[in-house]
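K.L.:
Starting off with a structure, shown below.
The values are calculated or read from the model by the stated rules, or taken from the named source; none is laboratory data. Source: prediction; values computed, not measured. Methodologically, a virtual Cβ is constructed for each residue, glycine included, from the backbone with ideal geometry; neighbour enumeration extends over all protein chains shown. The protein model used for the area step is the full one, side chains on, heavy atoms only, and it has no ligands, DNA or RNA in it. Shrake-Rupley method; radii C 1.70, N 1.55, O 1.52, S 1.80 Å.
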Amino acid sequence: MNHLSMEQILERIYQSEHFDEMRITRDQVHEMIREHLLFSHSPALGRQVNQIHDALIHRTIELSEHILEDEGFGKPPVPYAFILFGSGGRSEQTLWSDQDNGLIYEDSEHHSEDELEAYFNKLVACILQGLEMLGYPPCEGNVVSSNKQWRKSFSDYMDMVLAWFQEPEWENVRYLLILADMRSIYGAQALVHRLRTGFLDYVREHPSILNDLLSNTLHHKISLGVFGHLITERYGEDAGGFDIKYGAYIPIVNGIRLLAIQAGLHTSSTVERINQLKGDSHIPESLANDWQRAFDVALKLRDLTPFQVENELYTTRGKLSAEQLTKEIKQELKECLRTGIELQKFVKKTIGAHIEKEKEKG
């Protein structure tokens, strides 16, 4: 297995006819890449991990369609897109990421809503069962396509998004920001493009909504104390460790995402967002380079967090252990966090200035 190329790994996945075949491949690839991570980390390795996740999920959906057809339910009645949210939507999954997904299907004049719901409910049940067999735990926040909130027709999705915008209470804003990271992994990508266009058009036409998005975006603070010390876990089995996910990675991702929304960017990847913000002169090159370095550190350390396999599912608490916080790691992490603090200040200032400018126009 150590000598398999990416092409061979992907060929194995796409030639699999059963979920348990893919699980064997995933376990083997997991061990192979985990060994690499112990010695070195690179953005290229992260891209390979996400390419493998995409292939596993894509093939799971294909097999699920075949299973439903074999059971007499036919082919999908209308075009649809299976969507990833969270780190999957941003193409930033770790080896042990969970499921954050949804499904959007085309409106139809030839099929009733009950018919469409019956088919896609069965399809999603099969897909999610397959993903669990592959070791992907369901999303703890229930942002998953078995939840009808995230499985709708295009028009119902648009209505839901509009309702969230018009009532920007905390939970609705959280859902809007989840949606901003969506990425179609299978099916009719045009549906997702149209939905994102509607989302960005609303923000452009109602810039004051950015205030609500900003308060949620800055909710997670960078875990660096006023005297430049790491804010570590105080209690429990992670005591002395560092929450790399919520103390570094998420605040950086959230800040860059809001700037991308304000700029009307369609991409969901943090790296691509930084590059587009730089290329379109929304941020200076020096700032973009600082953010890229900080983001790379956050990604690397997130990939090094301990994981466990519970009930055949890969899970992690997203925290570096106290033993992992060597002098070198601490120094690297502090530089990352200092940049993260400056990034959050920049986001707050930029969004505030944009809202004021739009008010003057109005």
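K.L.:
Got a number for residues in the range 330-362 being modelled with pLDDT of 95 or more and either assigned to a loop (DSSP other than H, G, I, E, B) or more than 22 Å from Tyr202 (Cα to Cα) (or both)?
P.N.:
Adding up the residues that qualify gives 17.
K.L.:
Before we move on, is Asp27 touching a residue at least 60 places away in the same chain (Cβ under 8 Å) and open to solvent by less than 40 Å² (accessible area, probe 1.4 Å)? Lay out the reasoning, then the answer.
P.N.:
Values: touching a residue at least 60 places away in the same chain (Cβ under 8 Å): yes; open to solvent by less than 40 Å² (accessible area, probe 1.4 Å): no.
Here the answer is no, as Asp27 does not meet what is asked.
K.L.:
Since Tyr14 meets every condition but one in (1) open to solvent by less than 50 Å² (accessible area, probe 1.4 Å); (2) in contact with a helix residue (DSSP H, G or I) (Cβ under 8 Å, 6 or more places away or on another chain), which condition does it not meet?
P.N.:
Among (1) open to solvent by less than 50 Å² (accessible area, probe 1.4 Å); (2) in contact with a helix residue (DSSP H, G or I) (Cβ under 8 Å, 6 or more places away or on another chain), Tyr14 violates only (1).
K.L.:
Please report, ordered by residue number, the helices (runs of 4 or more DSSP H) entirely within the range 214-321 with at least 1 residues that are more than 21 Å from Arg174 (Cβ to Cβ) and open to solvent by less than 20 Å² (accessible area, probe 1.4 Å).
P.N.:
On the way: elements: 250-263, 270-279, 285-303.
Filter on the range 214-321 gives 270-279, 285-303.
K.L.:
Given (1) more than 16 Å from the chain's Cα centre (by Cα); (2) more than 24 Å from Thr316 (Cα to Cα), where does Gly247 come up short, assuming only one miss?
P.N.:
Among (1) more than 16 Å from the chain's Cα centre (by Cα); (2) more than 24 Å from Thr316 (Cα to Cα), Gly247 violates only (2).
K.L.:
I've got another one for you. Between His58, His41, which is touching a residue at least 60 places away in the same chain (Cβ under 8 Å), surrounded by 14 or more Cβ atoms within 10 Å (Cβ to Cβ) and not in a helix (DSSP H, G or I)? Write out each step before concluding.
P.N.:
On the way: His58 fails: not in a helix (DSSP H, G or I).
Just a single option satisfies the conditions, and that option is His41.
K.L.:
Under 6 Å between Cβ atoms, which residue pairs at least 6 apart in sequence (or on different chains) link something in the range 333-359 that is in contact (Cβ under 8 Å) with a residue 60 or more places away in the chain with a partner that is of a type in the set (Phe, Trp, Tyr) and exposed (fewer than 14 other Cβ atoms within 10 Å of the Cβ)?
P.N.:
none
K.L.:
Taking the range 323-362 on its own, how many of its residues are of a type in the set (A, V, I, L, M) and open to solvent by 40 Å² or more (accessible area, probe 1.4 Å)?
P.N.:
Our first condition is that a residue be of a type in the set (A, V, I, L, M); within the range 323-362, this holds for 325, 329, 333, 337, 341, 343, 347, 351, 353, 355.
With open to solvent by 40 Å² or more (accessible area, probe 1.4 Å) added as a condition, the list becomes 341, 353.
Counting residues in the range 323-362 that are of a type in the set (A, V, I, L, M) and open to solvent by 40 Å² or more (accessible area, probe 1.4 Å) gives 2.
K.L.:
Among the residues that make up the range 82-104, is at least one of them out of contact with any Gly (no Cβ under 6 Å at 6 or more places or on another chain), surrounded by fewer than 16 Cβ atoms within 10 Å (Cβ to Cβ), in contact (Cβ under 8 Å) with a residue 12 or more places away in the chain and not hydroxyl-bearing (Ser, Thr, Tyr)?
P.N.:
Looking through the range 82-104, none of the residues is out of contact with any Gly (no Cβ under 6 Å at 6 or more places or on another chain), surrounded by fewer than 16 Cβ atoms within 10 Å (Cβ to Cβ), in contact (Cβ under 8 Å) with a residue 12 or more places away in the chain and not hydroxyl-bearing (Ser, Thr, Tyr).
K.L.:
A further question on this structure: If you scan the range 123-150, which residues turn out to be outside any loop (DSSP other than H, G, I, E, B), farther than 14 Å from Thr60 by Cα and out of contact with any strand residue (DSSP E or B) (no Cβ under 6 Å at 6 or more places or on another chain)?
P.N.:
Lys148, Gln149
K.L.:
Another question, then. If we scan the range 142-164, do we find a residue that is open to solvent by less than 20 Å² (accessible area, probe 1.4 Å) and more than 30 Å from Lys122 (Cβ to Cβ)?
P.N.:
No, because not a single residue in the range 142-164 is open to solvent by less than 20 Å² (accessible area, probe 1.4 Å) and more than 30 Å from Lys122 (Cβ to Cβ).
K.L.:
In this structure, does Glu35 turn out to be open to solvent by 80 Å² or more (accessible area, probe 1.4 Å) and either under 22 Å from Ser145 (Cβ atoms) or assigned to a helix (DSSP H, G or I) (or both)?
P.N.:
yes
K.L.:
Here's something else I'd like to know. Which residue, of Gln15, Gln51, is over 24 Å from the mean Cα position of the chain (by Cα) and of a type in the set (S, T, N, Q)?
P.N.:
Details: Gln51 fails: over 24 Å from the mean Cα position of the chain (by Cα).
Only one candidate qualifies: Gln15.
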